[in-house]
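Participant: This is the structure I want to talk about, given as structure tokens.
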Amino acid sequence: MSRAQAESVIKNCIRKIAQAVSETLVAFMVIAVVLDPANEFNVDRTLTKDDVQKLIKLCVDRLMDTRTPSLDTVKMQVYFDMNYTTRSDFLEEHRRVLESSLGYNQ
């Protein structure tokens, strides 16, 4: 399976699952499921319709399983990814706020 085909299939899976939860959370979950060797997905070949259905089922099952800490871990990873600020961005924002507070930008 070409990289473009794999990305297209994964995006389709994300859209189908994302009807119930955030698209970012679904994207992280799809990647985690595909990369887990126990699920036996081979990204070097074209995913069949059965593979896609299996991928969707595994993702939905994991997203609905509230008894294990893995979902909370993935949610924390998503939160971190969405809210992480690089040191330079943080310092630039801090400098801007400080200058604004001190009236340098007036």
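The values are calculated or read from the model by the stated rules, or taken from the named source; none is laboratory data. Here the structure is a predicted model, which is why all the values come from computation and not from measurement. Ideal geometry is used to build each Cβ from the backbone, glycine not excepted, and the neighbour counts take in all protein chains shown. Calculation scope for accessible area: heavy atoms of the full protein, side chains included, ligands and nucleic acids excluded. Shrake-Rupley method; radii C 1.70, N 1.55, O 1.52, S 1.80 Å.
Participant: Return only the number of the condition from (1) acidic (Asp, Glu); (2) more than 30 Å from Cys13 (Cα to Cα); (3) surrounded by 12 or more Cβ atoms within 10 Å (Cβ to Cβ) that Glu93 does not satisfy.
Facilitator: Glu93 satisfies every listed condition except (3).
Participant: For the range 72-84: of the residues being of a type in the set (Phe, Trp, Tyr) and loosely packed, with under 11 Cβ neighbours inside 10 Å, which is modelled with the highest pLDDT?
Facilitator: Phe80
Participant: If you go through the range 85-106 one residue at a time, how many are modelled with pLDDT of 85 or more and part of a loop (DSSP other than H, G, I, E, B)?
Facilitator: The total comes to 1.
Participant: Search the range 65-83 for residues that are in contact (Cβ under 8 Å) with a residue 24 or more places away in the chain and closer than 10 Å to Thr24 by Cα and pair each with any residue that is surrounded by 10 or more Cβ atoms within 10 Å (Cβ to Cβ) and among the β-branched types (Val, Ile, Thr) when their beta-carbon atoms are under 6 Å apart and the residues are at least 6 apart or on different chains.
Facilitator: Val78/Thr24
Participant: Let me ask another. Residue pairs, Cβ under 8 Å, 6 or more apart or interchain, first in the range 1-14 and within 14 Å of Lys49 (Cα to Cα) and of a type in the set (A, V, I, L, M, F, W, C), second open to solvent by 80 Å² or more (accessible area, probe 1.4 Å) and part of a helix (DSSP H, G or I). List them.
Facilitator: Short answer, once both residue conditions are applied: Ile10/Ile31.
Participant: For the range 69-84: of the residues being among the aromatic types (Phe, Trp, Tyr) and in a helix (DSSP H, G or I), which is farthest from Ser22 (Cα to Cα)?
Facilitator: Only one residue fits best here, namely Phe80.
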